[in-house]
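Worksheet: the structure to be examined is printed underneath.
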Amino acid sequence: MNQVSRLFKNINNNVFSVDSETIVHYRHFYHLENWLQQRFTEKSSKKRIYILAMVALFFFLGGPLFVLRTISILLGTSTGSTGEIAAIMSANNSILIYYFLSLVSAAGLGTIIYQSQPTHLSLSQDGIRYIYNHLFYKARGPLLEWKNINNIYLEKPNGKTSPDDFLLCFNNVNGAPLKLKLGSIPTVDERHRILKGINTWATKVARDAEIIGFLEPPADHSYTELWLQALSAPPKREKLKPLIEGSKLKDGDYTVLNAIGVGGQGTAYLSLYQTEQVVLKEFILPVYVDISVRKSSLERFEREAKILQQLDHPQVVKLIDFFIEDHRGYLVLEHIDGLSLRQKVEIKGKFDEAFVHELAKQMCVILKYLHGLSPPVVHRDFTPDNLIFRNDGVLKLVDFNVAQQIESTATGTVVGKHAYLPPEQFRGKPTTQSDIYALGATLFYLLTGQDPEPISVSHPKQILPEISSAMDYIIAKATAINENDRYFTVGELETDLANEYLSNQKL
Ligand SMILES: Nc1ncnc2c1ncn2[C@@H]1O[C@H](COP(=O)(O)OP(=O)(O)O)[C@@H](O)[C@H]1O
Ligand SMILES: [Mg+2]
């Protein structure tokens, strides 16, 4: 018993050694369990009606009297009843007893059947065996040794077409084959681990090539499919509630310290990973909605993760990890110690031109990097909120939630803060030049402390005459409505910035 408990402690901490043994969930009633779990956590009017009906039946059969009588007999205060009440009870007692007995025996039988099923599967260098890790019953099943297995194959029961109904069979030379229902191995990851176990330890056993296709993760391995399975369980936390200080995530790897920003899809939290500060950016995923809605919200989360994953620049926020837990997606990001440009302006007021000039140069470096990738990345939300000025003076870009690889444009959606969006982005056709517009609009904000007029050429000098004509010219050209009048590349803007004080004399 102890051995099994210890084993599971290890699994839960994810530290068990894959080299000597691999353990995966094997839940015979996986679909039923999920179904029940959903029923009992989801609030539905149907469920309320069922419960009301059960209560009504209980009263109808004289349940309360029966209970009262039983109690009084047990307490020895009653020797039986007289009159009308007794008449009702004697008629109903036998029905009630029958009713309760059948309930108890059904529950008992269900428990026995449930407890007799394995919960996990263990593969080791010696062989394969079931593990029983129930509340009151913990044991390891008999070992089927690899040397006694002569074939591993797939059985497709008649009339079944879903791979979840297929059986992975280990042919036992000494007895009945071990048959595993694929649907009882809940995740793609766990099926893959079984395959790895077979490939590592059952090297001498013959196997059908077919099994690989069913155990291997899909080739264009998208996490979305994998996550969808994790999301079939009901949520534990309340839907839109932010995490509180001290909440632990990913088996205790991360501890939430405090919220640092609330955005469209969730909250960003300052958190602790061991002794290091990180940011957890949360995406609340919809729960009781159609699978296609779940899928598209997962895809959005995955897209931000994948774009960030391929970026590597000292001025772009670094993605450390990402994971799904309890119907929320989390990006683990490096913590940038500083304030966003908007927060800075709100606290200290507008910036002077020399400082804006310095920041503009840094923005050009960031956009040159993103636009220079192949295919180029368009950030699409290059605003004072998403640029963080780190305390050591480095400007960093965050929030790739709506960023896009340029080749996959043609979505018709408008995203980003309106004052910073060029007209083509409103039309759903953002290009790298759209980020240049946003950069110009951001510079306008930093100089004046005001958000620019949406879809307009920005001229900070009209508000603050002391601004240089060169800076005014650069911002106006960056925010040109027509893409042909705008800077074509950030490089051009950068050159003008470098020559600002030279060209100042010319203009
Ligand atoms: N890595 C980070 N380091 C420090 N602060 C961050 C970080 N990521 C986000 N923030 C803060 O949280 C806010 C919201 O995060 P953001 O990624 O912009 O999400 P949203 O899509 O909700 O705008 C940001 O404006 C910024 O102030
Ligand atoms: Mg943001």
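The values are calculated or read from the model by the stated rules, or taken from the named source; none is laboratory data. Here the structure is a predicted model, which is why all the values come from computation and not from measurement. Here Cβ is always computed from backbone atoms with ideal geometry, including for glycine, and neighbour counts include all displayed protein chains.
Annotations
Every residue, every condition in (1) loosely packed, with under 10 Cβ neighbours inside 10 Å; (2) at pLDDT 80 or above; (3) more than 30 Å from residue 142 (Cα to Cα), yes or no:
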| position | (1), (2), (3) |
| --- | --- |
| 28 | no, no, no |
| 35 | no, no, yes |
| 47 | no, no, yes |
| 50 | no, yes, yes |
| 64 | no, no, yes |
| 76 | yes, no, yes |
| 91 | no, no, yes |
| 106 | no, yes, no |
| 110 | no, yes, no |
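- Those residues of segment 103-154 which are closer than 22 Å to residue 187 by Cα and among the aromatic types (Phe, Trp, Tyr), in sequence order: 114, 130, 132, 153
- Segment 324-345, residues that are more than 13 Å from ligand 1 (Cβ to nearest atom), under 17 Å from residue 255 (Cβ atoms) and surrounded by 19 or more Cβ atoms within 10 Å (Cβ to Cβ): 328
- Residues (of a type outside the set (A, V, I, L, M, F, W, C) and either free of Cβ contacts under 8 Å to residues at least 12 places away in the same chain or within 11 Å of ligand 2 (Cβ to nearest atom) (or both)) located in segment 253-271: 261, 263, 264, 265
- Unmet requirement for residue 281, which otherwise passes all of (1) under 15 Å from residue 399 (Cα atoms); (2) buried (at least 16 other Cβ atoms within 10 Å of the Cβ); (3) more than 16 Å from ligand 2 (Cβ to nearest atom): (3)
- Scope segment 482-505; condition at pLDDT 95 or above, exposed (fewer than 14 other Cβ atoms within 10 Å of the Cβ) and of a type in the set (A, V, I, L, M, F, W, C); matching residues: 488
- Close contacts from segment 354-373, counting a first residue that is more than 23 Å from residue 448 (Cα to Cα) and a second that is among the hydroxyl-bearing types (Ser, Thr, Tyr) and at pLDDT 95 or above, with Cβ to Cβ under 9 Å and a gap of 6+ residues or different chains, come to 368/489; 370/432; 371/432; 371/489.
- Test: residue in segment 400-411 that is more than 15 Å from ligand 1 (Cβ to nearest atom), among the hydrophobic types (A, V, I, L, M, F, W, C) and either part of a loop (DSSP other than H, G, I, E, B) or modelled with pLDDT of 95 or more (or both): yes
- Helices (runs of 4 or more DSSP H) wholly inside segment 176-288 containing at least 2 residues that are more than 18 Å from the chain's Cα centre (by Cα) and modelled with pLDDT under 85: 210-215
- Assessment of segment 354-364 against the conditions (more than 12 Å from ligand 1 (Cβ to nearest atom), surrounded by fewer than 17 Cβ atoms within 10 Å (Cβ to Cβ) and among the acidic types (Asp, Glu)) yields at least one matching residue.
- Residue within segment 291-301 that is touching a residue at least 40 places away in the same chain (Cβ under 8 Å), in contact with a helix residue (DSSP H, G or I) (Cβ under 7 Å, 6 or more places away or on another chain), under 30 Å from residue 30 (Cβ atoms) and acidic (Asp, Glu) present: yes
- Enumeration of residues in segment 378-394 that are more than 16 Å from ligand 2 (Cβ to nearest atom) and either among the small types (Gly, Ala, Ser) or within 14 Å of residue 436 (Cβ to Cβ) (or both): 393
- Meets criteria (in a helix (DSSP H, G or I), within 20 Å of the chain's Cα centre (by Cα), within 16 Å of ligand 1 (Cβ to nearest atom) and of a type in the set (Gly, Ala, Ser)) for residue 305: yes
- Among the residues of segment 378-399, not a single one is under 25 Å from the mean Cα position of the chain (by Cα), within 16 Å of ligand 1 (Cβ to nearest atom), part of a strand (DSSP E or B) and surrounded by fewer than 18 Cβ atoms within 10 Å (Cβ to Cβ).
- Long-range neighbours under 8 Å by Cβ, at least six apart or interchain, first residue over 18 Å from residue 170 (Cα atoms) within segment 108-131, second modelled with pLDDT under 90 and assigned to a strand (DSSP E or B): 119/25; 119/133
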